[in-house]
1. Report, by residue number, each residue of the stretch 391-444 that is surrounded by fewer than 21 Cβ atoms within 10 Å (Cβ to Cβ), small (Gly, Ala, Ser) and not in a strand (DSSP E or B).
2. Only residues that are among the aliphatic types (A, V, I, L, M) and either within 12 Å of the ligand (Cβ to nearest atom) or assigned to a helix (DSSP H, G or I) (or both): list them for the stretch 129-139, please.
3. What single numbered condition from (1) within 12 Å of the ligand (Cβ to nearest atom); (2) under 30 Å from the mean Cα position of the chain (by Cα); (3) assigned to a loop (DSSP other than H, G, I, E, B) fails to hold for residue 126?
4. Restricting to the stretch 373-390, give me the number of residues that are farther than 20 Å from residue 345 by Cα and either in a strand (DSSP E or B) or free of Cβ contacts under 8 Å to residues at least 40 places away in the same chain (or both).
5. From the list 203, 141, 155, pick out the single residue that is closer than 16 Å to residue 469 by Cβ and modelled with pLDDT under 95.
6. So, in the stretch 52-76, of the ones that are buried (at least 19 other Cβ atoms within 10 Å of the Cβ) and assigned to a loop (DSSP other than H, G, I, E, B), which residue ends up modelled with the lowest pLDDT?
7. Please verify whether residue 447 is buried (at least 21 other Cβ atoms within 10 Å of the Cβ) and under 25 Å from residue 356 (Cβ atoms), treating the condition exactly as stated.
8. Please note which strands (runs of 3 or more DSSP E) are completely contained in the stretch 223-267 and include at least 3 residues that are in contact with a strand residue (DSSP E or B) (Cβ under 6 Å, 6 or more places away or on another chain) and basic (Lys, Arg).
Amino acid sequence: MNRLPFSLAVFGAILWFSTHAPAQEGEAKKKELPPIAEIKIEHKGPVDFAKEIWPIFESKCAFCHSGNVKEGQYDMGTPDALIKGGKRGVAVVPGKPEESHVYTLSARKKKPFMPLKSEEPFTPQELALVRLWIDQGAKMPTTTRVKPKVVISAPPKTVQPIHGVTISTDKKAVFAAVANRIVEVDVAAGKITRALRDEQLPPEKDPLRAPAHLSLIESLALSPDGNTLASGAYQEVVLWDTKTGKIKHRLKDFAERVVALAFSPKGQLLATGGGAPTEEGEIRVFEIATGKETMKLKAPHSDTVFGVAFSPDGKILASCGADKFLKTWEVPTGKMLKSFEGHNHHVMDVAWKSDGKTIATAGADQVIKVWNYESGEQARTIPGHVKQVTRLQFIGTKPEVATCSGDQTVRMWNVDNGSSIRNFGGSTDFLYSVAVSPDGTIVAAGGEEGTLRIYNGTNGQLLKSVPLK
Ligand code: HEC
């Protein structure tokens with residue numbers, strides 16, 4: 001996680017650290033996990049809660065213990081609650097780590113071990129730091145919440161993840177967001193042909209490496225007519241004219257990272273999703289032609305929003321996020337229509353089937369869920385991925401979705417019967433992003449590795465592997 005920059009840090013950590021097998025029901029062979037090694041660390045002076053402790057809790061604990069998610073009735077979101085504990089009582093006894101649940105459970109000295117088995121545990125270093133902090137009296141600032149300081153700067157050269165891919169309407173090109181750049185890749189040639197440049201940013205010697213944003217790009221979407229590309233980054237969204245490569249509008253004043261983007265089916269509106277982890281999620285809707293905001297939802301989710309999608313008739317916006325909920329909203333009034341609960345971890349993405357009756361969601365709990373919109377029921381759960389499902393898209397009007405996952409695969413599924421249709425391999429790291437042409441013939445995917453892969457969607461053949469680093 002240390003190699004991820006500022007704004008990606010928390011989200012990245014959650015995706016990053018799920019290297020363990022899921023704690024699935026019926027898992028017979030329950031191996032006892034060994035305690036975390038206790039090591040001595042060199043540390044001068046008092047441990048700084050905001051700088052050294054909170055970031056650990058925030059990335060490894062807070063998504064189950066803050067906001068509206070308080071597992072074991074334990075809320076780590078405010079200093080008082082963090083000390084007070086949940087149903088087992090006091091969680092932090094200043095000066096006494098061995099009597100503090102926060103220490104003993106995460107050291108795996110007492111049950112239930114924390115975090116849950118499916119998540120990445122504390123490193124010995126982190127555990128030692130938490131211990132030292134408790135030893136020193138568990139000092140915390142008295143202000144209600146500690147906000148990590150954010151420095152906006154270009155992502156380090158070593159961090160070149162692909163967080164967004166989208167296929168041009170003629171299927172001849174793929175747009176990919178890699179680090180803070182947006183490149184156009186010719187599908188037939190497998191080569192970068194253009195980079196979109198924000199002229200307010202300093203140029204690069206190589207114009208094909210021009211920066212599109214100052215910070216890491218977190219999301220990318222193409223309008224249905226192919227004329228407008230939207231890219232989301234820390235506190236901003238840019239609308240690009242795909243023909244000229246020029247900026248049409250800059251959308252500003254977002255609370256945090258913008259990690260989700262969706263155009264309305266007729267292409268007049270753009271919905272954005274994001275927000276700071278463990279704070280209120282953010283959903284805003286803009287008119288493409290003018291760049292004016294037409295709708296802003298008030299506290300739509302209690303945590304970061306990871307996915308947004310308009311219904312095929314454009315009248316409903318679906319959203320999902322770190323609070324594990326799928327919700328729907330009336331456009332343009334912003335009235336909440338329905339709320340669906342079922343995933344037991346972050347809901348990473350959402351999409352509507354073309355009939356407007358079915359919604360599919362991708363979960364950090366490694367499953368895809370299919371929902372019957374009218375009845376509000378879960379139609380089915382599709383297991384198969386072995387890490388977080390990070391993005392999902394319906395394929396044209398078919399009852400099929402394409403997904404990508406931290407398990408390094410892109411897959412296609414039939415949502416009517418839950419069957420697996422095809423696997424697309426070759427990736428060697430976590431995948432963040434997938435796109436499929438509406439006819440299902442071209443598939444593009446990218447992730448942490450920084451390599452764009454383009455496949456034949458009908459037979460799974462890898463057509464091009466294009467390093468964008
Ligand atoms: C994936 C979700 C998840 C994560 C991540 C997680 N926990 Fe928990 N935690 C739970 C659940 C579920 C319980 C309730 C377990 C029970 O009561 O048997 C719980 C209970 C606890 C309790 C006991 C509360 C009480 O009073 O009963 C403590 C303390 C705790 N967690 C600390 C942590 C710490 C520290 C971390 C980070 C290292 C962490 N948890 C990460 C799900 C999680």
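1. 396, 418, 419, 425, 426, 437, 440
2. 129, 130, 132, 134
3. It is condition (3) that residue 126 fails.
4. Summing the residues that are farther than 20 Å from residue 345 by Cα and either in a strand (DSSP E or B) or free of Cβ contacts under 8 Å to residues at least 40 places away in the same chain (or both) in the stretch 373-390 gives 2.
5. None of the others qualify; the one that does is 155.
6. Among them, the one singled out is 67.
7. Numbers: buried (at least 21 other Cβ atoms within 10 Å of the Cβ): yes; under 25 Å from residue 356 (Cβ atoms): no.
So residue 447 fails the test.
8. Fully inside the stretch 223-267 and qualifying: nothing.
The values are calculated or read from the model by the stated rules, or taken from the named source; none is laboratory data. Everything numeric here is computed off the predicted structure, so don't read it as measured data. Neighbour counts run over all protein chains shown; Cβ positions are idealised from the backbone, glycine included.
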